[in-house]
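So the structure is just underneath, and the comments pick up after that.
What follows is calculated from the coordinates using simple rules that are stated; it is not laboratory data. If you're wondering where the values come from, they're calculated on a predicted model, not measured in any experiment. Cβ: placed from backbone, ideal geometry, glycine included. Neighbour counts: every protein chain shown.
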Amino acid sequence: MKWLRRSSGPSAKEEAGASSQPEVQPSLALSTLFRQLRKDRIYHILELGPAVGHNIEFLSRFSCRIRVEDLYRTLSSFDYVSGSDAVDFEAVFKYLLPYEGNTRFDILFAWDLLNYLDRQEFLYLMRHLTRFCHSGTVMFALIATSKNMPDRPAEYRILDENSIECRNVSSVLRPCPRYHDVDLRHMMPSFRVYNSYLLRNGMKEYLFVSN
């Protein structure tokens, strides 16, 4: 088994990056999600991206409890120690996302995180998260369809129920895995596509629902 050790993570220079001007884009998927939220129940939300104050403030208008993980930064702050065996990703995600057995989330915000996971990471992350979902849990995600993408996830800000602001934090590009629907079905078998929308910026919005 390969275990984990903490690394220095992205440097301050890398974090600063060469950010572009924020891009405002409509979000039909979020609009669909927010229309279905009721004011008479409490929603348990898992935010897999960074803690964006505006998003927390926006979601607070609904009765909700939010847990923020910033998973990309967490994964980037660890190195897999060399060894003869393959990485035990099940152990990795149990270690990084240690939830109580009775934890159940109603909504997951993945943003564009899934594009930055290889197939094994993607598959085992979803296996881990499925344990903490119930039938009907909704996940919002953006899957890149272009040849290249920024080398780190963008920062997304919810402007209103129909639009979001995207700010790329790096001008460096990397190849995009370009996950297709058949890949998504394989890597997240406990979820089905509720709806999806192709955007003009090379992203495809998804709402997934757990079985």
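A few remarks follow.
- In a reduced charge model with +1 at each Lys and Arg Cβ and -1 at each Asp and Glu Cβ, the range 54-211 shows a dipole moment near 300 debye about its Cα centre.
- Here the chain carries DSSP beta bridges of which approximately 65% are antiparallel, counting only pairs with both residues inside.
- The overall shape of the chain, judged from the alpha-carbon gyration tensor, is rounded, with an a/c ratio under 1.5.
- Residue-averaged [θ]222 nm for the chain, counting only DSSP H segments that reach four residues, each worth -39500 (n - 2.57): -6500 deg cm²/dmol
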